[in-house]
Amino acid sequence: MTNLFTSATDAPQPATAPAAGIGRAVLQLTGIEKVYQTRTIETVALNHVNLTINQGEFVSVMGPSGCGKSTLLSIMGLLDEPTSGTLELDGRPVQSYSDKELARLRNHKIGFVFQSYHLINDLSVLDNVELPLLYRDGVGGKERRQRAFAALEKVGLGARTGHFPSQLSGGQRQRVAIARALAGEPEIILADEPTGNLDSVMGEEIMDLLLTLNREQGTTIVMVTHDEQQALKTQRLIRFFDGSQVS
Amino acid sequence: MIFSYLKIAWKVLLRRKFFTLISLVGISFTLMILLVGVALYDRSVGAYVPELHPERLLFGSYMQMQLPGMGEMKMRPSYWLINQHLRKLGPGVQTGISGEGQAVAAYVGGRKLALALKPTDGGFWRVLQFRFLAGRPYSDEQARTGEAVAVISARTARQYFGPGRPAVGQLLEANEKRYRVVGVVADVPTMRFHAYADIWAPYEQSALERQPEMPFGESEMLLLAPSAAAVPAVQAALRRAVAAIPMDNNESHISLTPTTLGESVAERLLARYNWTTRPVQLFRALSAGAVALLLLLPALNLISMNVSRMRERASEIGIRKAFGATAGMLAGQFLVETVVLTLLGGLLGLLLAAALLRALSSGYLAAYGDFQLSLVVFGWALVATLVFGLLSGAYPAWRMARLSAVEALKHARA
Ligand SMILES: Nc1ncnc2c1ncn2[C@@H]1O[C@H](COP(=O)(O)OP(=O)(O)OP(=O)(O)O)[C@@H](O)[C@H]1O
Ligand SMILES: [Mg+2]
């Protein structure tokens, strides 16, 4: 598979919202490449991506289907390893972290919203949302439940805590996935099309929620979206095409 | 952390009711069958009253006899043969003779009692150690002269004379013959067929055995060696004594191979069906095969359930990793899950086995059973199940936990 574009340097977009305490780089990608090798074909999902995400930024990522947005997010979320290139988190290369430290970072620092939700079917909504707190030392069962419940209230699902994922609509599942990412109060939220399955009103509410988090808590957010309107509300828009950043 | 693992395990097991149910049924039934089998076996051949010293006991139940033109025959020895030729087998060896148990009827206030009567000589009471609750056995002299005396079981005493009533010295009428009761013994399970009866009475020869110098009949020889070490010497002495019996036809040949308690049980179970000329070996092979199969079944069940569940498992692993679980934490979770499932199944199996044995004890086959659950067997079976569970479920899950979150999620989709 050939690539039409080579990497571009990242050019900050004019911010539509005032930057609340934007500071040092939390995520720095240098020459990141991701190649999927299957028996018949080699797919270059990311081609030499250079990108910096600063603390407190709200960045949106757009691009056509299959251009590598989800791949980019899972590498930033420490869920997958790049084929080559370096990812620095808080100025330290990710390769230098041990497995345990990486797990701790995923737990404390990052909240991930999967494009396809990925809820655990055997657990109730509340148990699913408690997940990041379950692996955190010093958080007791009661506090876990309270915080998970608060996160569910924020996404408008306070009345669905005892349901199981299979008993929810697609939009409701998506909101559970968002609540789970919020529950651990991470510094960085990586959200892969968090409003893709929501109606415009609900999508609007979730967008406001993320904007508030960013503004008031200084949470760094990287969000993949297909919605130009939403993208315009964020401070910076990055466009991808065929594995490369084009703007 | 262990507490939250337990909680997770509990929730997962409750949620996957079908998987949990099948696994529990597999584990508990296997354990139950194993435990009941071992209890039955133990009750058949273990050291219990009246066969308190099974390692010193020998039974001469069958003779091989070769007659010209008739091939080999398997026959029981006669009272005369044992009494005349096989009594002197060396110092300290106790010998006894018993006959085939007979069904007799006794009547209490118009109600019929079906009882089993076993004819014995006096030596029978020295070879086997019955527990006498009252009175004593009849003497050699009483047995030889065929006095109308009897030893009866506690249950028979209760049923015939009434609970708490003295039986010794009273008369008991069975098949229109009146016996004076001289002793009452603790009940013997039916499975202990060398000893079992409701009434024991002095030997009366049957029509067949009353023919002069008749070598075969309906009797059985019981031997108690002075020590376990002396058993081979006693066996050899018995074989020599049998070989020395003069036969009126020179081409005839008889031999008698005494069996241990365990061998006689195997023979009893298998030989009557003529499947084999080596029942003891066949019995051992069958038992080993049955145990292996019993352990293999829940193992295969667990493995197949675990494999088919792996896809769902993979997605769970990927998600948990994404939110901060380490491979070690996931391993802990799978371990606890497997252990909880196995222990639940084990406990259930133990309860089922106890219930089944209790039910068996009141049935005919194993009446007066009073079975012992073997905790050693239970422990080993539980360990085996645990190992299979870990190998088939926890180990592959742990391997997957070491993949990246995205790779684990990919397995889930595949
Ligand atoms: N596990 C995989 N094996 C092989 N190829 C893969 C794998 N995952 C992704 N790809 C390929 O990598 C490319 C980028 O995929 P990615 O999921 O990142 O796209 P995307 O931009 O998120 O698309 P969408 O908007 O549809 O979600 C695609 O061509 C896809 O086919
Ligand atoms: Mg995607």
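The values are calculated or read from the model by the stated rules, or taken from the named source; none is laboratory data. From a predicted model like this one, the values you see are computed outputs, not experimental measurements. Neighbour counts are summed over all protein chains in view; Cβ atoms, including those assigned to glycine, are modelled from backbone coordinates with ideal geometry.
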Being surrounded by 24 or more Cβ atoms within 10 Å (Cβ to Cβ) and under 15 Å from residue B:315 (Cβ atoms) is the filter; apply it to segment A:105-117 and report the residue that is farthest from the other protein chains (Cβ to nearest Cβ). A:114
Tally, over segment B:118-143, of residues that are in a helix (DSSP H, G or I) and touching a residue at least 40 places away in the same chain (Cβ under 8 Å): 5
Do we have any residue at all in segment A:95-103 that's more than 16 Å from ligand 2 (Cβ to nearest atom), aromatic (Phe, Trp, Tyr), free of Cβ contacts under 8 Å to residues at least 60 places away in the same chain and within 14 Å of chain B (Cβ to nearest Cβ)? yes
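Return the only residue of B:403, B:386, B:391 being within 14 Å of chain A (Cβ to nearest Cβ) and not basic (Lys, Arg). Working first, answer last.
Details: B:386 fails: within 14 Å of chain A (Cβ to nearest Cβ); B:391 fails: within 14 Å of chain A (Cβ to nearest Cβ).
Just one listed residue meets the conditions, B:403.
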Does residue A:225 satisfy the condition of being under 18 Å from the mean Cα position of the chain (by Cα), farther than 30 Å from residue B:15 by Cβ and more than 16 Å from ligand 2 (Cβ to nearest atom)? no
Kindly indicate whether any position in segment A:60-72 is among the charged types (D, E, K, R), under 18 Å from residue A:190 (Cβ atoms) and within 16 Å of ligand 2 (Cβ to nearest atom). yes
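Say whether the condition of being within 14 Å of another protein chain (Cβ to nearest Cβ), within 30 Å of residue B:299 (Cβ to Cβ) and of a type in the set (Val, Ile, Thr) is met by at least one residue in segment B:20-42.
Yes, segment B:20-42 contains at least one residue that is within 14 Å of another protein chain (Cβ to nearest Cβ), within 30 Å of residue B:299 (Cβ to Cβ) and of a type in the set (Val, Ile, Thr).
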Could you list, in sequence order, the residues of segment A:150-192 that are surrounded by 22 or more Cβ atoms within 10 Å (Cβ to Cβ) and within 16 Å of ligand 1 (Cβ to nearest atom)? A:174, A:177, A:190, A:191, A:192
Name the helices (runs of 4 or more DSSP H) wholly inside segment B:1-85 in which the number of residues that are in contact with a His (Cβ under 6 Å, 6 or more places away or on another chain) is 3 or more. none
If a residue counts only when it is in contact with a Pro (Cβ under 9 Å, 6 or more places away or on another chain) and more than 13 Å from ligand 1 (Cβ to nearest atom), which helices (runs of 4 or more DSSP H) contained entirely in segment A:39-142 have at least 2 such residues? A:99-108, A:125-134
So in segment B:361-376, with the set limited to residues that are surrounded by 19 or more Cβ atoms within 10 Å (Cβ to Cβ) and hydrophobic (A, V, I, L, M, F, W, C), which one is modelled with the lowest pLDDT? B:366
Unmet criterion (only one of (1) within 13 Å of another protein chain (Cβ to nearest Cβ); (2) of a type outside the set (Ser, Thr, Tyr); (3) more than 16 Å from ligand 2 (Cβ to nearest atom)) for residue A:158: (1)
Checking residue A:77 against (1) within 8 Å of chain B (Cβ to nearest Cβ); (2) over 25 Å from residue A:214 (Cα atoms); (3) modelled with pLDDT of 95 or more: exactly one of these is not met. Which one? (2)
Might you let me know whether segment B:167-176 holds any residue that is more than 30 Å from residue B:61 (Cβ to Cβ) and in contact with a helix residue (DSSP H, G or I) (Cβ under 8 Å, 6 or more places away or on another chain)? yes
